[in-house]
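I have placed the structure first, in the form of structure tokens, so that the comments after it can refer back to it.
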Amino acid sequence: MLWSTAVLSGLVLAAAGTGAWLYQSLDGNITGADIETGLGDNRPANLSPGAKNILVVGSDSREGTDGKYGSGYETMQSDTIMIVHIAASREWATVVSLPRDSWVQIPSCDQGDGTQSKPHHFKLNSSFAIGGLNGDVSSAATCAVKTVEQNTGLRLDHFMSIDFNGFKGMVDAVDGVEVCPEEPIRDRKANLDLAAGCQTLGGEDALGYVRTRYAVGNGSDLGRIERQQEFLETLAVKAQSKLADPQAMYGFLDSFTSSLTTDADLAGIKPLYDLARSVQGIPTDRLTFLTVPNYPRELDVPSDTANVVWQYPQAETLFTRLAEDQEVDKAELEASAEESAGVTPSQVRVQVLNGTGEPGRAGEVAQELRSAGFQVVGTGNAPGGAPRTTITYPAEHRVHASVLSGRVPDAEVEAADAGGGATAPTGVLTLVIGDDFRDLRG
């Protein structure tokens, strides 16, 4: 949702021009967050310097909402999370939605009060809350960036966040947006009560519509992401129809910038204008919206019915292509995810052998794999050591090997004899931890 809003607003800036009145009125609205100093040196390499990766977060802050949209939130929250990749050629762009309930690794973060959190696994959106325990948006943004970088392997260039009130003001400025729900929607948590059929929503109801989750469809965050993307496409068309209306455009841009927080380099009308101008030429058929491949975590951990896990190797393929500035074929990615949808870590049996000579390494990796849902049937030492990390698999378990290899960056993958190799029981993969092994992904 927020990518469309941000780019749309930037394009409106580009169309409206940057006259002195507009610049002076709006430039001071934007909040800049210093995130660079808190990220440290252990970041993914920038493999495509000309491309841009932007983390876009919808802030779930209740500030200024008079208790609407839920209560009891004492920390900053993130409602929508997306990665926007803009190609170096500026000929295409890909927007990847990351479900807020994604079960991921949360790194150690400054909690905004000088203390550090401990690394752990939890929901992706908790990273924004952990960093913003004291309401410090810079710390919240820093933790969110660190978390996304660690789990995707992508080097992020910019950060953008917009809160509830900004979104409402943008919708009201263009006199509302039409939606056509097929069934009535009643959601007390989203402060929403809509009849079925086409109707124009003002900012208050529009916010409830894009936030509603449990009252529509199967109640998943994935369904909400689809509705948000559809709504913003409609908002884009409506805003473009108002370009000749100075009052509407000023209200739209004032609402956007007043609720916008960015990294320090993007905090201003000029950098936003320059970014918008650089993507104006991207044709609509080269702008791809997709959601990171995922599946319910309860397939690996039956007691967890609330979260999703990213599907490997498809997630790794997606992020690797973006890191290398290669356009993603959405249909191909979805077909690959469908092909291996029946195989999750809980169905993959693996033995872990230590080839590093470092005592206890196999046990450590085995525990991480178990936490990710894999069946670890044993550990041991690899005879003679191993310079490279390898995965060997029985020929009939190719898909199982791809699921495991997606979690082990740069591992060599090869088929073994029918039994999985002389050292593996029937149907078991063998992961040899080599000297080049660093850590697991996801």
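Read through the list (1) touching a Lys or Arg at 6+ places or on another chain (Cβ under 8 Å); (2) surrounded by fewer than 19 Cβ atoms within 10 Å (Cβ to Cβ); (3) among the hydrophobic types (A, V, I, L, M, F, W, C), then give the number of the only condition that residue 376 fails.
(2)
I need a count of the residues in the stretch 100-115 that are under 22 Å from residue 368 (Cα atoms) and outside any loop (DSSP other than H, G, I, E, B).
Qualifying residue count for the region: 5.
Condition test on residue 117, is it crowded, with 20+ Cβ neighbours inside 10 Å and in contact with a Gly (Cβ under 9 Å, 6 or more places away or on another chain)? Break it down stepwise before answering.
Numbers: crowded, with 20+ Cβ neighbours inside 10 Å: no; in contact with a Gly (Cβ under 9 Å, 6 or more places away or on another chain): yes.
No.
Just need a number here: residues in the stretch 44-57 that are more than 27 Å from residue 163 (Cβ to Cβ) and in contact (Cβ under 8 Å) with a residue 60 or more places away in the chain.
Filtering the stretch 44-57 down to residues more than 27 Å from residue 163 (Cβ to Cβ) leaves 44-51.
Of the ones still in play, those that are also in contact (Cβ under 8 Å) with a residue 60 or more places away in the chain are 44-48, 50-51.
Within the stretch 44-57, residues that are more than 27 Å from residue 163 (Cβ to Cβ) and in contact (Cβ under 8 Å) with a residue 60 or more places away in the chain number 7.
What number goes with the only condition from (1) in contact (Cβ under 8 Å) with a residue 60 or more places away in the chain; (2) within 30 Å of residue 371 (Cβ to Cβ); (3) buried (at least 21 other Cβ atoms within 10 Å of the Cβ) that residue 166 does not pass?
For residue 166, the failing item is (2).
So which helices (runs of 4 or more DSSP H) stay within the stretch 116-214 end to end and still have 3 or more residues that are touching an Asp or Glu at 6+ places or on another chain (Cβ under 8 Å) and farther than 20 Å from residue 84 by Cα? So that I can check it myself, show each step before the final result.
Numbers: elements: 126-131, 137-152, 164-173, 203-211.
Passing ranges, in order: 164-173, 203-211.
Being of a type in the set (Ser, Thr, Tyr), over 13 Å from residue 56 (Cβ atoms) and touching a residue at least 60 places away in the same chain (Cβ under 8 Å) is the filter here, so list the residues in the stretch 95-117 that pass it. Lay out the reasoning, then the answer.
Here is the first cut: in the stretch 95-117, the ones of a type in the set (Ser, Thr, Tyr) are 97, 102, 108, 115, 117.
Then drop every residue that is not over 13 Å from residue 56 (Cβ atoms), which leaves 102, 108, 115, 117.
Result: 102, single match.
Table: residues versus (1) β-branched (Val, Ile, Thr); (2) buried (at least 20 other Cβ atoms within 10 Å of the Cβ); (3) under 26 Å from the mean Cα position of the chain (by Cα).
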position	(1), (2), (3)
309	yes, yes, yes
312	no, yes, yes
321	no, no, yes
326	no, no, yes
332	no, no, yes
335	no, no, yes
352	yes, yes, no
361	no, no, no
364	no, no, no
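Give me the residue from the stretch 12-69 that is modelled with pLDDT of 75 or more and among the β-branched types (Val, Ile, Thr) and, out of that set, nearest to residue 248 (Cα to Cα).
Per the criteria, the residue is 30.
Listed residues 297, 277; which is farther than 18 Å from residue 154 by Cα, at pLDDT below 90 and either among the basic types (Lys, Arg) or outside the structural domain of residue 86 (by TED's automatic domain parsing) (or both)? Give the derivation first.
Values: 297 fails: at pLDDT below 90.
Being farther than 18 Å from residue 154 by Cα, at pLDDT below 90 and either among the basic types (Lys, Arg) or outside the structural domain of residue 86 (by TED's automatic domain parsing) (or both) holds for just one of 297, 277, which is 277.
Among the helices (runs of 4 or more DSSP H) lying completely within the stretch 229-323, list those that include at least 2 residues that are in contact (Cβ under 8 Å) with a residue 24 or more places away in the chain and of a type in the set (Phe, Trp, Tyr).
Working: elements: 246-258, 269-279, 314-323.
So the answer is 246-258.
Per-residue answers, yes or no, for (1) farther than 27 Å from residue 299 by Cβ; (2) at pLDDT 95 or above; (3) among the basic types (Lys, Arg):
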{"position": "338", "(1), (2), (3)": "no, no, no"}
{"position": "357", "(1), (2), (3)": "yes, no, no"}
{"position": "368", "(1), (2), (3)": "no, no, no"}
{"position": "373", "(1), (2), (3)": "no, no, no"}
{"position": "388", "(1), (2), (3)": "yes, no, yes"}
{"position": "395", "(1), (2), (3)": "no, no, no"}
{"position": "407", "(1), (2), (3)": "no, no, yes"}
{"position": "420", "(1), (2), (3)": "no, no, no"}
{"position": "435", "(1), (2), (3)": "yes, no, no"}
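Restricted to the stretch 195-208, and to residues that are out of contact with any helix residue (DSSP H, G or I) (no Cβ under 7 Å at 6 or more places or on another chain) and within 14 Å of residue 177 (Cα to Cα), which residue is modelled with the lowest pLDDT? Show your work before the answer.
Keep residues of the stretch 195-208 that are out of contact with any helix residue (DSSP H, G or I) (no Cβ under 7 Å at 6 or more places or on another chain), which gives 195-200, 205, 208.
Okay, now just the ones that are also within 14 Å of residue 177 (Cα to Cα), so 197-200, 205, 208.
Numbers: 197: 94, 198: 95, 199: 95, 200: 96, 205: 93, 208: 89.
The selected residue is 208.
Would you point out which residue out of 151, 125, 134 is in the same structural domain as residue 312 (by TED's automatic domain parsing), surrounded by fewer than 21 Cβ atoms within 10 Å (Cβ to Cβ), touching a residue at least 12 places away in the same chain (Cβ under 8 Å) and of a type outside the set (A, V, I, L, M)?
Numbers: 151 fails: surrounded by fewer than 21 Cβ atoms within 10 Å (Cβ to Cβ); 125 fails: surrounded by fewer than 21 Cβ atoms within 10 Å (Cβ to Cβ).
Just a single option satisfies the conditions, and that option is 134.
The values are calculated or read from the model by the stated rules, or taken from the named source; none is laboratory data. All figures in this text were calculated on a predicted structure; none of them were measured in a lab. Glycine also receives a Cβ, built like all others from the backbone with ideal geometry; neighbour counts cover every protein chain displayed.
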